[in-house]
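In what follows, a single structure is set out as structure tokens and then discussed.
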Amino acid sequence: MEISDLLKPEAVVAHLKAGNKKQALQELSKYAAEITGVNERRIFETLLERERLGTTGVGNGIAIPHGKLPDFKRMYGVFARVDKPLDFEAIDEQPVDLIFLLLAPEGAGADHLKALARVSRLLRDPVMCEKLRGAESADGLYMLLVQNEAQAA
Amino acid sequence: MESIELANGVLLLGAVLVLVGILSSLVATRFGAPLLLIFLILGMLAGEDGPGGIKFNDYRLTYMIGSLALAVILFDGGLRTKISTLRGAVGPAISLATVGVLITAGLTGVAASYIFDLPPLEGFLIGAVVCSTDAAAVFFLMHAGGLQLRRRVGATLEMESATNDPVAVFLTVMVVQIIQAAPTSFVDQSLTIIETLTLQTVIGGLVGIFGGLAASSLLNRITLPGGLHPVLIIALTILLYALATVLHGSGFLAVYLAGLVLGNRPLRASASIITVNDAATWLSQIVMFMVLGLLVTPSRLLDFALPAGLIAVFLLLIGRPVAVWLCLSPFGFSWKEKTLASWVGLRGAVSIFLAAIPTLSGVSHAELYFDVAFVVVLVSLLVQGWTLTWAASKLDLALPRTGAPIHRSELDLPGQLALEMVGYPVRAESAIVNGAAVPPWARAAFVVRHQGILTPSQAGRLQANDYAYYLAPPDRVARLDQIFAPHAELLASNEPFFGEFTFKGTVTLREVAAFYDLNLEAGLMNRTITDLFAARFENKPEVGDHLRLGSAEIIAREVDDDRVLSAGLQLDVLSAPAVKPKRVGIWMRKILRLN
């Protein structure tokens with residue numbers, strides 16, 4: 001499972017504008033809908049449903065919202081950097097500025113978990129996060145996210 | 001004159017032995033060898049077959065020294081055990097200490113009577129002698145040996161080892177009596193068994209609890225000069241042990257409970273008591289194991305080495321694991337926890353000491369029991385003692401120590417008893433820095449940062465190297481410790497201690513399972529996370545308690561009023577190393593192809 005399998009260059013957002021968690025999820029759903037062709041509303045509701053069980057803000061300014069929908073053919077990722085860090089009800093109560101959205105088809109099973117593991121491991125690296133926070137553009141962000149992989153392999 | 005010289009000679013010898021024992025600990029820790037084994041071997045070297053050449057065959061004296069030492073060790077074990085850490089461990093521990101001991105004794109007895117071609121009853125006597133997990137060895141490992149286990153496993157094993165001795169002592173004494181007396185009818189025997197066992201437990205329990213209460217109020221009421229408080233406590237320990245035994249109760253149970261009572265009540269001079277007890281426990285360990293080493297005749301052991309070794313192997317690989325599996329399965333322990341619990345079934349001084357009972361009672365081929373017990377203990381200390389830390393970390397159940405343990409500074413606030421002030425150093429690896437929440441009953445007082453004093457609101461989030469001070473009710477303070485304790489798991493890997501994703505306690509397991517394709521038993525599905533923790537931890541869950549959920553683990557993150565408010569989910573796939581499995585896979589395939 002590689003990041004490049006999940007994330008296309010057009011799914012990287014360098015300056016997400018959102019005032020709160022809900023808006024951020026709404027914006028992300030919009031981008032996801034464009035890429036996947038699935039109804040924006042349904043994506044948004046799936047994500048909200050997951051957040052209702054507990055936050056996906058995993059700490060250190062990072063959130064990994066995720067969900068499963070039957071409509072998808074494969075897994076999709078959207079990466080966004082938020083201009084103004086926002087309250088994501090994260091476990092460490094730190095505002096979140098790096099968000100990796102992961103959507104999986106229903107029944108993806110182990111692949112869904114492997115993808116989550118990959119993303120989570122990537123963003124657990126504090127050096128990586130600092131680089132992402134300093135990157136200039138969406139292209140730069142994409143290069144960082146994918147390049148790290150070449151080194152790790 | 002001669003007897004004075006003899007006495008001085010004995011003193012000199014004893015002191016030299018103890019000194020050598022203490023110094024050998026330096027060598028032992030260097031090679032990771034189990035220290036108790038070293039003491040035992042030193043005793044053997046000093047004995048009749050070793051260079052020391054001391055002839056020592058006094059079973060009665062050994063029995064006395066052994067009782068004394070064990071009483072001190074067990075009391076100390078109780079004293080250091082905070083009742084809060086026993087939550088969720090009482091049921092499993094009692095089941096292991098009673099049914100588990102019986103199963104182990106029975107199985108080993110059958111094996112022994114087969115191996116030595118003994119009548120069943122005499123085989124069972126061997127089983128009874130070696131069936132109990134040794135408290136001295138287990139406590140030593142947990143407190144001094146640097147092995148910290150996850151709370152529930154650790155607490156269960158500790159409590160089991162402290163409470164199973166009465167059952168083993170009793171089984172041994174009973175079998176010896178039956179062997180000696182002309183056997184009466186089976187029903188009579190069973191009645192006596194139940195009667196004696198109940199009596200042992202009840203009297204031991206009563207003496208322990210009331211003795212502990214009396215000791216604590218005595219200690220808090222009378223003012224003694226200087227350093228007499230700890231001495232008083234040691235004297236009381238021995239008094240309670242002897243009293244319970246004289247009343248036909250279990251002395252070991254009594255002192256353990258008395259220690260438990262004292263350790264969990266506000267106590268005057270508790271710091272000096274703990275320090276002195278620590279020293280007394282070390283001395284007891286050294287003296288007891290050395291005397292046991294002295295007592296044995298190693299050349300005679302060789303005759304029994306092979307069959308006794310077989311019994312040891314049987315006990316380690318079948319007798320103990322079967323009992324652990326049967327006793328712990330109903331309490332929802334994972335296979336890893338059960339494997340470790342089987343392996344921590346260390347045999348020690350108690351077994352050797354119990355083996356002296358047949359000798360003292362003059363049962364036929366008494367030396368057989370003694371020598372078999374000795375070999376079993378040697379094998380157990382050698383094999384299990386040496387591999388335990390390794391096994392615990394392989395099974396992901398160890399919390400290796402991270403330097404100094406958490407140091408809490410306490411300040412009595414005169415004029416009231418409801419609150420005290422406690423301060424903690426904050427470290428990068430403290431749970432508080434990694435997402436744990438401070439319970440609402442603890443009031444933040446101030447934070448010391450860069451030598452300045454800040455109010456909690458000025459300080460904001462705690463950082464490493466801060467000192468955080470709280471006002472908290474004294475009886476709950478111990479629960480703050482875990483929030484500030486350095487969690488080695490954080491250091492050992494970069495996995496977040498509380499799992500990747502956090503769920504509210506009100507969420508049902510069905511919802512979690514559906515999201516992550518966890519395979520759960522149907523019976524669990526409708527339970528909430530809060531309910532599951534309540535059920536598995538006897539309504540007393542604590543921050544950091546772990547439970548297995550299919551292919552994931554769930555970890556209590558926020559607990560208040562004994563209810564889990566939120567818990568982290570750690571998916572196995574998220575904690576699995578990134579590259580390793582592939583390599584193993586390749587090797588496996590290569591090996592398979594070669595075959």
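Take A:ASP92 and tell me if it is modelled with pLDDT under 85, open to solvent by less than 20 Å² (accessible area, probe 1.4 Å) and over 20 Å from A:GLU10 (Cα atoms).
yes
Mind listing whichever residues of segment B:253-275 are in contact with a Pro (Cβ under 6 Å, 6 or more places away or on another chain) and either closer than 29 Å to B:LEU197 by Cβ or modelled with pLDDT of 85 or more (or both)?
Within segment B:253-275, B:LEU253 is the sole residue that qualifies.
Taking segment B:47-65, which residues are in contact with a helix residue (DSSP H, G or I) (Cβ under 6 Å, 6 or more places away or on another chain) and either assigned to a helix (DSSP H, G or I) or among the basic types (Lys, Arg) (or both)?
Listed by number, the residues that qualify are B:TYR59, B:THR62, B:TYR63, B:ILE65.
Any residue at all in segment B:100-115 that's open to solvent by less than 10 Å² (accessible area, probe 1.4 Å), at pLDDT below 90 and assigned by TED's automatic domain parsing to the domain that holds B:VAL324?
Within segment B:100-115 (the criterion being open to solvent by less than 10 Å² (accessible area, probe 1.4 Å), at pLDDT below 90 and assigned by TED's automatic domain parsing to the domain that holds B:VAL324), the answer is no, since none of the residues qualifies.
Which of the following residues is open to solvent by 40 Å² or more (accessible area, probe 1.4 Å) and touching a strand residue (DSSP E or B) at 6+ places or on another chain (Cβ under 9 Å): B:LEU13, B:LEU6?
Checking each option against the conditions leaves just B:LEU13.
Restricting attention to segment A:40-66, which residues are among the polar types (S, T, N, Q) and within 9 Å of chain B (Cβ to nearest Cβ)?
A:THR55, A:THR56 - these are the residues of segment A:40-66 that are among the polar types (S, T, N, Q) and within 9 Å of chain B (Cβ to nearest Cβ).
Take B:VAL231 and decide whether it is in contact with a Ser or Thr (Cβ under 8 Å, 6 or more places away or on another chain), part of a helix (DSSP H, G or I), under 21 Å from B:ILE274 (Cβ atoms) and of a type in the set (Val, Ile, Thr).
In short, no.
Take residues that are open to solvent by 60 Å² or more (accessible area, probe 1.4 Å) and tell me which of the helices (runs of 4 or more DSSP H) falling wholly in segment A:1-65 contain 2 or more.
Those helices (runs of 4 or more DSSP H) span A:21-36, A:40-53.
Collect the residues in segment A:66-83 that are open to solvent by 60 Å² or more (accessible area, probe 1.4 Å) and farther than 22 Å from A:ASP139 by Cβ, keeping them in residue-number order.
Listed by number, the residues that qualify are A:PRO70, A:LYS73, A:ARG74.
So, in segment B:507-552, of the ones that are in a loop (DSSP other than H, G, I, E, B), of a type in the set (S, T, N, Q) and more than 9 Å from chain A (Cβ to nearest Cβ), which residue ends up farthest from the chain's Cα centre (by Cα)?
Among those residues, the one meeting the criterion is B:ASN526.
Would you check which residues across segment A:98-121 are at pLDDT 85 or above and surrounded by fewer than 20 Cβ atoms within 10 Å (Cβ to Cβ) and list them?
Result: A:PRO105, single match.
Checking B:GLY568 against (1) touching a Leu at 6+ places or on another chain (Cβ under 8 Å); (2) at pLDDT 80 or above; (3) within 9 Å of chain A (Cβ to nearest Cβ), only one condition comes out false. Which one?
So B:GLY568 meets the others, but not (1).
Of the residues that sit in segment B:237-270 and are small (Gly, Ala, Ser) and in a loop (DSSP other than H, G, I, E, B), which one is most open to solvent (accessible area, probe 1.4 Å)?
B:ALA269
Only one of these conditions is not met by A:ASP139: (1) open to solvent by 20 Å² or more (accessible area, probe 1.4 Å); (2) free of Cβ contacts under 8 Å to residues at least 60 places away in the same chain. Which number is it?
(2)
Out of everything in segment B:203-231 that is at pLDDT 90 or above and farther than 19 Å from B:GLY77 by Cβ, what residue ends up being least open to solvent (accessible area, probe 1.4 Å)?
Among those residues, the one meeting the criterion is B:ILE203.
So which residues in segment B:19-41 are open to solvent by less than 30 Å² (accessible area, probe 1.4 Å) and either within 26 Å of B:ALA355 (Cα to Cα) or at pLDDT 80 or above (or both)?
Selection gives B:GLY21, B:SER24, B:ALA33, B:PRO34, B:LEU35, B:LEU36, B:LEU37, B:PHE39, B:LEU40.
Would you tally the residues in segment B:208-228 being hydroxyl-bearing (Ser, Thr, Tyr) and either closer than 27 Å to B:PRO166 by Cβ or part of a helix (DSSP H, G or I) (or both)?
Qualifying residue count, segment B:208-228: 2.
Where the second residue is part of a loop (DSSP other than H, G, I, E, B) and open to solvent by less than 70 Å² (accessible area, probe 1.4 Å) and the first is within 19 Å of A:VAL146 (Cα to Cα) and lies in segment A:1-21, which pairs have Cβ atoms under 6 Å and are six or more apart or on separate chains?
A:LEU6/A:MET75; A:ALA14/A:SER137
Considering only helices (runs of 4 or more DSSP H) fully contained in segment A:67-153, which possess at least 1 residues that are within 24 Å of B:GLU511 (Cβ to Cβ), out of contact with any His (no Cβ under 9 Å at 6 or more places or on another chain) and within 14 Å of chain B (Cβ to nearest Cβ)?
A:110-123
The values are calculated or read from the model by the stated rules, or taken from the named source; none is laboratory data. Note that this is a predicted model, so its numbers are computed, not measured. Neighbour counts are summed over all protein chains in view; Cβ atoms, including those assigned to glycine, are modelled from backbone coordinates with ideal geometry. Accessible surface areas use protein heavy atoms only, side chains included; no ligands, DNA or RNA. Shrake-Rupley method; radii C 1.70, N 1.55, O 1.52, S 1.80 Å.
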